[in-house]
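See below for the structure under consideration.
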Amino acid sequence: MTGIHTLRVLFFASLSLLAAVGLTGCGSNSFTFGGDTRNKMIVSVRDQKMLLVRDGTPVKSYKISTSKFGIGDRPGSNCTPLGRLQVAKKIGDNAAIGSVFKSRRPTGEVIKPNAPGRDPVVTRILWLTGKESRNQNAFRRTIYIHGTPEERRLGSPASYGCIRMGSRDVADLYGRIGTGADVFVIRGSIQTKSENQASASL
């Protein structure tokens, strides 16, 4: 499938997903409480991908990793919560790619992707807060979107609850979105429409 065709498929799929949660059209701002109301992220546990959508149009997709322990929000479970969350805090402005963070503070160490035996939080942190009863523990569980040095494991569940990204990808995302941006974590595929349906609409 060509890159243009893939983006078109994602476009129609994202419209379907956003309509399902009531976030298309002029009424979208009523569902967010200040901050970035233009950008939304859809995270697919099945695909292990994130789709960034701005003003209802897909902008970019990223390879990610959700929890290797599955989905859920129970404290101590190390699971990734489902549903609507928001970016509550952004941490790591202008930090070098590969900067190591401990308790959300830079340690001064910088490591390369796939550094052997290392698995810290790196590069950027987007701290998420839950907006539904099924993810109400997310903020105090310190569920982040963050960079990982274990980039070889992206595309498969590998985290301890957070949403992991490659360092350059998380820095790119960080620069595109603001606090208050919605994050929808879903079980299913981002490509909810079949390719044939999407092609017929072109």
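Worth pointing out:
- Peptides ranked, highest mean first, by Cβ atoms within 10 Å: ranges 61-69, 130-138, 103-111: 61-69, 130-138, 103-111
- Within-13-Å neighbourhood charge of Ser44 [Cβ basis; K, R +1; D, E -1]: +3
- Spin-label model, Gln136/Arg104: points 7 Å from Cα along the beta carbon direction are separated by 2.1 nm.
- Close amide H pairs (under 5 Å, H built 1.01 Å from N) link Ile64 with Lys49, Met50, Gly155, residues at least 5 positions away or on another chain.
- Residues whose amide H lies under 5 Å from that of Asp119, counting only those 5 or more places away or on a different chain, are absent; hydrogens are built 1.01 Å from N in the peptide plane.
- In order along the stretch 70-76, the Karplus-derived 3J(HN,Hα) couplings, from 6.51 cos²θ - 1.76 cosθ + 1.60 at θ = phi - 60°, round to x, 10, x, 9, 5, x, x Hz, and Gly and Pro are given as x.
- Neighbours of Gln136, meaning other residues whose beta-carbon lies under 15 angstrom from its beta-carbon, give a summed charge of +4 when Lys and Arg score +1 and Asp and Glu score -1.
Any read-out appearing in this document is the output of simple, stated calculations on the displayed coordinates, not a laboratory observation. Bear in mind that the values here come from a model prediction, so they are computed numbers and not experimental data. Neighbour counts are summed over all protein chains in view; Cβ atoms, including those assigned to glycine, are modelled from backbone coordinates with ideal geometry.
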